[in-house]
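Data first, discussion second: the structure below is written as structure tokens.
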Amino acid sequence: MSTKLKLFKDLEHEQVVFCNQPEIGLKAIIAIHSSVLGPALGGTRMWPYPTEEAALEDVLRLSKGMTYKSAACGLNFGGGKAVIIGDPKHEKSESLFRAFGAFIQRMNGQFLTGEDVGVDVNDMEFVFMETQYVVGLSKAHGGSGDPSPMTAYGVIQGMLASIERQFDQKTLRGLTVCVQGLGHVGMHLVELLIQNGAKVIACDIDPKLCQAAKEKFKIEIVDSNDIYQKKCDIFAPCALGGVLNEKTIPLLKCKIIAGSANNQLQEDEDAKRLKERGILYAPDYVVNAGGLINVALELEGYSAPRAQILTRNIYYNLKRIFQIADDENILPHLAANHLAEERLLKISQIRRAHSLDASKIRRIHAVETSHQESKKKVA
Ligand code: NAD
């Protein structure tokens, strides 16, 4: 966290919860950015943050992103996120995730969570032992399973809307896509891209994943530092955030950015830098909403076909956002923000109208009651 942040003055968030259980090694932060549209829903990330401030900064940024993502894709959930400070390769345990689950339970439904980077379905089952406020559970537990395939399917929809706008082309056949990160989403994305006739170049910092992708899909694997310079049509960030920045943007040799990673732009200025380079940026939280749509449906009774239909809407949603960007002569990520903010404002006005009505009814009721009581007294 930058020392510039003066907590209560600068914080846009409704609630930040620090979960501290040293005897178990649990250090986690849950942030609720907004509950205007409903209870906050967002994944839990486990990452070896270099500092506690970096973890706080990440969770604040990610939870705000969830508010916008839910709002832009039409879901009735607020924005929240959690981070567990630790190395997912060495520090996972049943007690860690159950202790974390107990903290979520204490929030009594204000925050619902699922998997994110470093956390998988098996970890979520431990969380589920302590709280029912969990989504993305395994199918064996009545959940929808890993959301990553649906996220990858949504990224494909985002790519289709982007190529239509940028190349006036309807399919991915013959296009080259660079995929950064071969984790849960990246690996599924590679598979779908190949099925759609695209050529894929990929990287990951984990050599085992690179080897697995190379063997399974016969794709070109490059060093993680070289992925930005590779000539391609689409660059798909599917690892961590902040990868589009002052240093990387000048290296890019693509025409479109569309990937699953959250918070791809390091700063707003980077969207301008991309535009100046003639690169179309498909806003991350619109493109990667498939996983959220998938897990959200779990709460109303999961249906895979329905999840797929709703995720297909990412294509139409993105086309609408590109249209707003044209009409208002603004950058696509700002057009997405406008769409989300307008919905948040309108829904908050409906809620306010409802609560005003309710208070009027209470007042009328109170007046009637006091009339009756005074009549009684007179009688
Ligand atoms: P994951 O942890 O399974 O995969 C991330 C991969 O990125 C890992 O294999 C990691 O080794 C790799 N990586 C990290 N730094 C890298 C670098 N500099 N260069 C190359 N590879 C690097 O996570 P995931 O579930 O696949 O999610 C990927 C991204 O998509 C994250 O930003 C996540 O927040 C976002 N996202 C995921 C989902 C989902 O359904 N899983 C939904 C929405 C958004």
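Annotation for residue 23 and residue 299: the two label points, set 7 Å from Cα along the Cα-Cβ direction, are 3.3 nm apart.
For the chain, what is the percent of antiparallel DSSP beta bridges, rounded to the nearest 5?
Details: 13 of 40 bridges.
That works out to approximately 30 percent antiparallel.
Taking GluC sites (Glu not before Pro) in DSSP loop states with no more than 16 other Cβ atoms inside 10 Å as exposed sites, the chain has its longest site-free stretch at 92-245. Note on the chain: with charges restricted to the Cβ of Lys and Arg (+1) and Asp and Glu (-1), its dipole about the Cα centre is near 1120 debye.
Over all alpha-carbon pairs in the chain, figure out the percentage whose distance exceeds 29 Å. Beyond 29 Å sits 44 percent of the P(r) for the chain.
Taking label positions 7 Å along the Cα-Cβ direction at both residue 268 and residue 169, the computed distance is 3.3 nm, reported to one decimal. In this structure, the residue pairs whose Cα-Cα separation is over 25 Å, taken from 216/247; 81/139; 247/275; 170/208, are 216/247; 170/208. A straight Cα-to-Cα reach below 14 Å connects residue 272 with the aspartates and glutamates 246, residues fewer than 8 places away in its own chain not being considered. Partners of residue 27 within straight-line reach, counting aspartates and glutamates whose Cα lies under 15 Å from its Cα and excluding those fewer than 8 residues away in the same chain: 52, 53, 57, 58, 87, 91, 94. In segment 107-207, the portion of solvent-accessible area held by carbon and sulfur atoms comes to 51 percent [1.4 Å probe, whole percent, DNA, RNA and ligands not counted].
Considering amide H positions built from the backbone, and no H for Pro or chain starts, which residues 5 or more places from residue 114, or on another chain, come under 5 Å of its amide H? Close amide H contacts, sequence-distant or interchain: 42, 43, 44, 135. Accessible surface for the chain, divided over its residues, is 48 Å² per residue with a 1.4 Å probe.
The values are calculated or read from the model by the stated rules, or taken from the named source; none is laboratory data. Quick caveat, the model's predicted, so the values are computed rather than measured. Neighbour counts are summed over all protein chains in view; Cβ atoms, including those assigned to glycine, are modelled from backbone coordinates with ideal geometry. In case anyone asks, the SASA skips ligands and DNA or RNA and just uses the protein heavy atoms, side chains included. Shrake-Rupley method; radii C 1.70, N 1.55, O 1.52, S 1.80 Å.
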